[in-house]
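**Student:** A single structure is presented below for examination.
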Amino acid sequence: MTDKPQPPSHRINHQIRFPQIRVIGPDGSQLGIMTPDEGRRMAEESGLDLVEVAAAARPPVCRIMDFGKFRYDQSKKKDHSKQVVVKTITLRPKTDDHDLATKLSQTTKFLEKGNKVRFVMRMRGREHAHADLWINKLRDIIDRLPPGTYTVSLTARLEGRNIVAMVDPI
């Protein structure tokens, strides 16, 4: 499967092929409805580009701006719209101390990267009869995390055969 190059989302300068366009100046003021040639001439006089910002409007809206800077700003906005990732740490009520220390160090790394962490303690058989004991144990495990690196968004509670808690980074 080959990746096709994406067409540019905004037409600029000579790519604009409408008979009439609404032009907005570099300062955001409306310059009126005119031909693309007049808009390009005005953009060239100010050393900027004529960029189509709303193709669906009638007449299409074009703005006089620095297209390179506009594209840079758009890429920065895309970077900031990063999705929140929830990592899951699975435990058992009788998880050994060394294994627990490893899972806590993983949790600390996840929190430092800005990920949320969901703790799931799975119970089997007679362990379910002492759920309150395991809820307290999960709270103690969360308290062993480095202070000031997390906030508890979901306190330890029973959900079916599991005890679940959620921790968010600060």
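**Student:** Looking only at the range 140-156, count how many residues are surrounded by 13 or more Cβ atoms within 10 Å (Cβ to Cβ) and either within 23 Å of the chain's Cα centre (by Cα) or over 19 Å from Ser105 (Cβ atoms) (or both).
**Tutor:** Residues flagged as surrounded by 13 or more Cβ atoms within 10 Å (Cβ to Cβ) and either within 23 Å of the chain's Cα centre (by Cα) or over 19 Å from Ser105 (Cβ atoms) (or both) within the range 140-156 amount to 5.
**Student:** Could you go through the range 75-88 and let me know if any residue there is at pLDDT below 90 and β-branched (Val, Ile, Thr).
**Tutor:** yes
**Student:** Right, next: Test each condition in (1) within 27 Å of Gly160 (Cα to Cα); (2) part of a loop (DSSP other than H, G, I, E, B); (3) among the aliphatic types (A, V, I, L, M) for Leu133 and report the one that comes out false.
**Tutor:** That leaves (2) as the condition not met.
**Student:** Can you tell me which residue is nearest to the chain's Cα centre (by Cα) among those in the range 43-67 that are more than 18 Å from Arg17 (Cβ to Cβ) and loosely packed, with under 10 Cβ neighbours inside 10 Å?
**Tutor:** Gly47
**Student:** Determine, yes or no, whether Thr107 is of a type outside the set (Asp, Glu), assigned by TED's automatic domain parsing to the domain that holds Leu145, surrounded by 13 or more Cβ atoms within 10 Å (Cβ to Cβ) and more than 30 Å from Gly25 (Cα to Cα).
**Tutor:** yes
**Student:** For a quick check of your reading: which helices (runs of 4 or more DSSP H) sit entirely within the range 32-126 and have at least 2 residues that are under 30 Å from Ser9 (Cα atoms)?
**Tutor:** By residue number, 36-45, 67-80.
**Student:** Of the residues in the range 15-31, how many are part of a strand (DSSP E or B) and in contact with a Pro (Cβ under 6 Å, 6 or more places away or on another chain)?
**Tutor:** Selection size over the range 15-31: 2.
The values are calculated or read from the model by the stated rules, or taken from the named source; none is laboratory data. Quick caveat: nothing in here was measured; it's all calculated off a predicted structure. Because the Cβ atoms are built from the backbone with ideal geometry, glycine has one as well, and the counts that use them run over all protein chains shown.
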